[in-house]
Amino acid sequence: MPVQDILIVDDERSIRMSLADLFAGRGYPVRQAASGPAALEAFRMQRPDLVLLDVMMPEMDGYAVCHEMRRLDRETPIVFLSAMDSEENQIEGLRLGANDYVSKTASEALLLARIAAVLERADHYSKREAPVSMTKTEADIYRLLDSQRGKTFSQR
């Protein structure tokens, strides 16, 4: 399943641009959000294939964003990329549902390898859970309905 997009969430423009260049240069389409609320809006409008999320942001920190994203969707991979890389920070991120936690001091090669591994696991999971003939949107709907059996949803 080809990657449709990575949502990069960081309040520092230079970091967002650097990450966007890194991933776009490797063939990953990217979207960017400069704040937690903007990230949630982008997430609600179109689920990305992966969220790369900073912790320290004004208005709404990355932990709160991760918590809300997990409330909306348990499947989309979330990877924290943060300068706050103590063991306690990493544990908190993973406790909230992140798939991985990478230090901003990590090399580009390590970051790319960790992202590739998370995406590979997500791709394997989606192939197991939904028929291959489905589009990503159809598979997202399928997983949502399957995870909320017995709950009634509006067409919207």
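Per-residue accessible area for Thr137 at 1.4 Å probe radius, Å² rounded to 10?
90 Å²
Amide H of Leu50 versus every other amide H placed in the peptide plane: which residues, excluding those fewer than 5 positions away on the same chain, fall under 5 Å?
Under 5 Å from the amide H of Leu50: Asp5, Leu7.
Based on DSSP H runs of at least 4 residues, each adding -39500 (n - 2.57), what is the mean residue ellipticity at 222 nm of the chain after dividing by all its residues, to the nearest 500 deg cm²/dmol? Kindly include the intermediate steps, with their values, before the conclusion.
Numbers: 6 runs with 76 residues, N = 156.
About -15500 deg cm²/dmol.
Taking H placed 1.01 Å from N in the peptide plane, check which residues at least 5 places from Gln32 or on another chain put their amide H under 5 Å from its amide H.
Distant-sequence amide H within range of Gln32: Ile8.
Translational diffusion coefficient, Stokes-Einstein: compute it for the stretch 1-119 using the Kirkwood radius over C-alpha pairs as Rh, at 20 °C and 1.002 mPa s, and state it as an integer in µm² s⁻¹. Working shown, then result.
On the way: Rh = 13.9 Å.
The calculation lands on 154 µm²/s.
Per residue, how much accessible area does the stretch 1-63 have with a 1.4 Å probe, in Å²?
On the way: 2980 Å² over 63 residues.
That works out to 47 Å² for each residue.
Determine, for each peptide in 60-66, 98-104, 48-54, the mean count of other beta carbons within 10 angstrom over its residues, then list the peptides with the highest first. Numbers along the way, then the final one.
Values: 60-66: 21.9, 98-104: 19.9, 48-54: 24.7.
Packing order, densest peptide first, comes out as 48-54, 60-66, 98-104.
Which distance in nm do the two modelled labels at Ser14 and Ala109 give, with both placed 7 Å along the Cα-to-Cβ direction?
A separation of 2.5 nm, rounded to one decimal place.
Trypsin sites (Lys or Arg not before Pro) within the stretch 4-53: which are DSSP loop residues with at most 13 other Cβ atoms inside 10 Å? Please report the intermediate quantities before stating the final value.
On the way: sites: Arg13, Arg16, Arg26, Arg31, Arg44; in loops: Arg26.
Those satisfying the criteria are Arg26.
The values are calculated or read from the model by the stated rules, or taken from the named source; none is laboratory data. Just so it is clear, the model here is predicted, and its values are computed rather than measured. Glycine gets a Cβ as well: all are built from the backbone with ideal geometry, and neighbour counts include every protein chain shown. For accessibility, only protein heavy atoms count, side chains too; no ligands or nucleic acids. Shrake-Rupley method; radii C 1.70, N 1.55, O 1.52, S 1.80 Å.
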